[in-house]
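The values are calculated or read from the model by the stated rules, or taken from the named source; none is laboratory data. Note that the structure is a prediction, hence the values are computed from the model and not measured. For neighbour counting, all protein chains shown are included, and Cβ atoms are generated from backbone atoms with ideal geometry for every residue, glycine included. These area figures cover heavy atoms from the full protein model, side chains too; ligands, DNA and RNA do not enter into them. Shrake-Rupley method; radii C 1.70, N 1.55, O 1.52, S 1.80 Å.
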Amino acid sequence: MRRKLVVANWKMHGNLRWNRTLLEGIVSGVRDLYHVEIAICVPHPYLFQAQQLLHGSNIAWGGQNVHPNEQGAFTGAVSAWMVADFGCKYAIIGHSERRGQFRETNETAARSIKVAIKAGLIPIYCMGETLEEYEAGVTEAVIASQLNGMLDTVGIRLLSHVVLAYEPTWAIGSGRTATPQQAQSVHAFIRGRVAHHDLKVAEGIRILYGGSVKASNAAQLFAMPDIDGGLIGSSSLDIDEFVAICRAANRK
Ligand code: PEP
């Protein structure tokens with residue numbers, strides 16, 4: 001039985017004052033939820049604040065990326081060990097915004113996954129097709145190449161330490177969500193591909209859906225058999241929305 005996981009991705013939003021209000025509001029809103037796992041991935045400068053405010057709560061915290069190298073002359077970059085130093089449990093890797101804006105590839109993401117695991121973090125590896133790819137009907141081919149491109153470097157043995165996320169880029173921040181059936185079909189495809197390598201890993205691995213998840217559509221998405229929770233962007237910046245999404249995932 002896979003435990004549902006809801007992960008907030010704050011992206012480049014926040015400041016010390018606003019973060020405190022949001023974190024305290026979420027902590028008190030989800031205090032009674034025990035069936036769902038919750039994490040908040042904040043911008044790196046606020047990891048210390050997240051650690052201070054979330055420590056002892058039922059919410060984990062994480063970073064939004066880690067560099068593929070362990071250390072070195074990489075100005076402005078943050079290593080997996082630095083993120084782990086602040087008690088993080090998770091790190092998002094290969095988000096479509098990193099792929100699109102910072103030219104990250106399956107290969108760099110795979111290397112980041114390896115160092116993240118070595119540093120004791122659970123990587124959340126994002127995959128997803130563009131609108132053009134979706135309309136051309138090549139979603140499965142794109143996902144297969146993102147999954148295989150990562151697996152070539154990471155290997156199936158380490159995959160049991162990874163969370164996967166399906167995030168169609170046409171649904172991210174667009175207000176346009178994949179229907180539960182569309183998302184389920186891609187999630188089942190991903191699990192099937194993993195099963196080709198290892199059935200046990202496929203059964204245990206959590207696959208999150210991301211792309212305009214809101215309080216109003218979360219329950220239908222989470223009811224799908226291969227959707228194990230959500231990666232939440234915009235709706236994680238609103239206490240009531242995010243708490244409602246966590247509640248939807250908390251149902252057994
Ligand atoms: C994301 O960027 O990971 C995401 C899912 O964003 P949104 O929920 O805003 O679509």
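Summary table below
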{"read-out": "Cα-based reach from LYS200 at 17 Å (exclusive), listing aspartates and glutamates while leaving out same-chain residues under 8 positions away", "value": "ASP226, ASP228"}
{"read-out": "The chain: relative contact order in percent, alpha carbon pairs under 8 Å with at least 6 residues between", "value": "22 percent"}
{"read-out": "11 Å beta-carbon shell around ALA141, net charge (K/R +1, D/E -1)", "value": "-3"}
{"read-out": "Where trypsin sites (Lys or Arg not before Pro) fall in DSSP loop in segment 161-195, at most 13 other Cβ within 10 Å", "value": "ARG176"}
{"read-out": "Accessible surface of the chain, 1.4 Å probe, proportion on carbon and sulfur as whole %", "value": "52 percent"}
{"read-out": "Segment 130-252, relative contact order in percent, only Cα pairs under 8 angstrom and at least six apart counted", "value": "25 percent"}
{"read-out": "Subset of LYS89/LYS118; LYS4/LYS89; LYS4/LYS114; LYS89/LYS214 violating a 22 Å alpha-carbon distance limit", "value": "LYS4/LYS114; LYS89/LYS214"}
{"read-out": "Surface per residue (accessible, 1.4 Å probe) for segment 68-181, Å²", "value": "46 Å²"}
{"read-out": "Neighbourhood charge, 15 Å Cβ-Cβ cut-off, centred on GLY94 and excluding it, Lys, Arg +1 and Asp, Glu -1", "value": "0"}
{"read-out": "Cβ-based net charge around GLY29, under 12 Å, with every Lys or Arg adding one and every Asp or Glu removing one", "value": "-3"}
